[in-house]
1. For the range 110-125, how many residues meet the condition of being under 17 Å from SER203 (Cβ atoms) and open to solvent by less than 20 Å² (accessible area, probe 1.4 Å)?
2. Just to be sure before I move on: is VAL252 within 21 Å of the chain's Cα centre (by Cα), under 30 Å from PRO363 (Cβ atoms) and open to solvent by 20 Å² or more (accessible area, probe 1.4 Å) in the structure I sent?
3. Determine, yes or no, whether LEU333 is out of contact with any Cys (no Cβ under 6 Å at 6 or more places or on another chain) and open to solvent by less than 30 Å² (accessible area, probe 1.4 Å).
4. Within the range 407-428, is even one residue crowded, with 17+ Cβ neighbours inside 10 Å and of a type in the set (Ser, Thr, Tyr)?
5. Within the range 342-354, does at least one residue satisfy the condition of being in contact with an Asp or Glu (Cβ under 7 Å, 6 or more places away or on another chain), of a type outside the set (A, V, I, L, M) and open to solvent by less than 40 Å² (accessible area, probe 1.4 Å)?
6. Which residue out of ARG299, ARG369 is charged (D, E, K, R), open to solvent by 10 Å² or more (accessible area, probe 1.4 Å) and under 21 Å from the mean Cα position of the chain (by Cα)?
7. Tally the residues that are under 19 Å from LEU343 (Cα atoms) and at pLDDT 90 or above, restricting the search to the range 373-388.
8. Is it the case that the range 372-392 has a residue that's part of a helix (DSSP H, G or I), of a type in the set (S, T, N, Q), in contact with a helix residue (DSSP H, G or I) (Cβ under 7 Å, 6 or more places away or on another chain) and closer than 28 Å to ASP229 by Cα?
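The values are calculated or read from the model by the stated rules, or taken from the named source; none is laboratory data. It should be emphasised that the depicted structure is a prediction, and the values quoted were computed from it without experimental measurement. With ideal geometry, Cβ positions are generated from the backbone for all residues, glycine too; neighbour counts draw on all protein chains shown. Side chains included, ligands, DNA and RNA excluded: accessible areas come from the protein's heavy atoms. Shrake-Rupley method; radii C 1.70, N 1.55, O 1.52, S 1.80 Å.
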Amino acid sequence: MSTDTTRKEAMDATPTATLATPRPDLSRHRDFRLLWLGETTNRVGINITTVSMPLVAVVTLNASTLSVSVLAAAPWLPWLLIGLPAGAWVDRMRRRPLMLVCNLGSLVLLASVPVAAWFGMLTMTHLLVVALLNGLAAVFFGISYKVYVPSIVHRDQLQDANAKLQGSESVAQVAGLGGGGLLAQGFGAVSGLLANAGTFLVSALCLLGIRSREPRPERPPERTPLRQDIREGLQYTVRDPYLRVLTAYGTVTNLLLTAYQAILPVFMIRQLAVPESAVGWLLASSSVGGILGATGAKRVTARWGTARGLLVATAATAPFALLIPMGGKGWMLAALAAGSALLALGVVLANVIQGAFRQRYCPPQLLGRITACISVANFGAIPFGSLLGGVLGTALGLRPTLWLLTAGLAVSPLLLLIGPLRARHDLPTAPATAPGGS
């Protein structure tokens with residue numbers, strides 16, 4: 001059976017994907033609104049934790065720069081340990097029940113930190129364990145979430161859906177990162193983790209309210225070994241020329257982004273003397289660019305096409321990363337904020353285009369495994385990036401390290417020129433042949 005036929009049958013099996021079914025605007029699509037609300041609320045909490053966790057380590061536990069970097073790496077380590085088998089498992093089961101379990105597990109984990117702090121029992125080890133296990137839940141939730149979206153909305157609405165989700169994620173960054181600093185100043189850094197626990201509850205309730213019946217995952221006539229399923233997804237991803245180059249670009253970008261972000265709070269607090277309450281707002285400055293990137297994706301792709309628009313967006317914004325290490329005290333903080341915002345504009349715009357491309361392009365029965373392979377490469381780079389930032393920051397100093405890392409980000413779009421993207425106006429909606437096939 002051909003890839004196109006398989007995709008058509010999978011679409012026909014999904015009630016919301018039938019061409020004869022009227023497709024409401026996503027703002028009036030009840031199930032998408034619930035998913036959107038739950039994920040946005042949860043993202044606010046996650047971004048509060050992004051500020052609160054390092055502040056707990058730096059302010060409450062007086063952790064070193066390297067310890068803070070290790071803490072930043074811990075949530076991403078599970079992608080390297082279990083990301084590939086997680087993708088195969090997700091392809092074998094319903095996604096919504098799995099997402100609910102992940103939400104409730106994260107709720108309990110994050111609530112344990114303020115409880116331990118109130119009893120005077122909080123340690124760096126406790127923080128690391130919570131970060132690691134919460135990251136494990138995020139692996140399964142993240143893969144399931146990306147595979148679940150196409151079962152709710154029609155494939156023609158995927159770019160709009162991804163743009164809305166990415167845009168609200170950027171808004172959540174503003175609210176979460178800024179709110180995290182205010183919570184830390186008013187109620188202590190651990191209060192942010194309690195707030196994040198509450199957002200996981202909201203996300204779970206929104207998932208429970210979705211009415212769409214999720215299609216059963218395709219089951220082969222004979223149960224294949226997990227290792228064979230993993231290999232099939234990995235081979236598809238590595239052999240496909242578009243997925244290969246986009247994965248390489250995402251991996252390098254994530255490595256450099258995370259490396260500088262891991263030391264940025266330490267740089268702002270210890271070298272620029274930024275108050276705790278302002279750290280979150282400065283970190284949130286990138287979200288302004290993220291909002292513009294999400295809302296502008298449709299216009300960019302309409303003018304330049306999806307492939308060329310991706311190249312233009314990344315090449316035009318990445319060099320502004322060099323403004324970040326120019327940041328200083330007083331009005332020079334504006335350079336840091338502007339660099340972060342313009343860099344995020346390109347990153348989010350690229351994420352919107354790539355997200356819709358993968359959901360349309362990849363065979364549905366392989367989407368979980370392909371998503372896992374890409375995520376393992378992209379997110380697996382994050383713990384190494386966090387450790388790289390900590391090691392370089394300790395060895396070279398914080399500002400020289402920021403210069404080195406942002407210079408790498410400035411030239412990273414050159415990777416997209418390796419492969420077929422540079423010759424295309426639009427990204428394809430289906431592979432011409434199976435990767436590696438004749």
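1. So the first thing to find is which residues in the range 110-125 are under 17 Å from SER203 (Cβ atoms), and the list is 110-111.
Imposing the further condition that a residue be open to solvent by less than 20 Å² (accessible area, probe 1.4 Å) reduces the set to 110.
Total meeting the criteria: 1.
2. Working: within 21 Å of the chain's Cα centre (by Cα): yes; under 30 Å from PRO363 (Cβ atoms): yes; open to solvent by 20 Å² or more (accessible area, probe 1.4 Å): yes.
For VAL252, the condition - within 21 Å of the chain's Cα centre (by Cα), under 30 Å from PRO363 (Cβ atoms) and open to solvent by 20 Å² or more (accessible area, probe 1.4 Å) - is met.
3. Numbers: out of contact with any Cys (no Cβ under 6 Å at 6 or more places or on another chain): yes; open to solvent by less than 30 Å² (accessible area, probe 1.4 Å): no.
So LEU333 fails the test.
4. Checking the range 407-428: at least one residue is crowded, with 17+ Cβ neighbours inside 10 Å and of a type in the set (Ser, Thr, Tyr).
5. At the first step, the residues of the range 342-354 found to be in contact with an Asp or Glu (Cβ under 7 Å, 6 or more places away or on another chain) are none.
Scanning the range 342-354 turns up no residue that is in contact with an Asp or Glu (Cβ under 7 Å, 6 or more places away or on another chain), of a type outside the set (A, V, I, L, M) and open to solvent by less than 40 Å² (accessible area, probe 1.4 Å).
6. Working: ARG299 fails: under 21 Å from the mean Cα position of the chain (by Cα).
Residue meeting the stated conditions: ARG369.
7. So the first thing to find is which residues in the range 373-388 are under 19 Å from LEU343 (Cα atoms), and the list is 378-379, 381-382, 385-386.
Then drop every residue that is not at pLDDT 90 or above, which leaves none.
The qualifying residues number 0.
8. Yes, some residue in the range 372-392 is part of a helix (DSSP H, G or I), of a type in the set (S, T, N, Q), in contact with a helix residue (DSSP H, G or I) (Cβ under 7 Å, 6 or more places away or on another chain) and closer than 28 Å to ASP229 by Cα.
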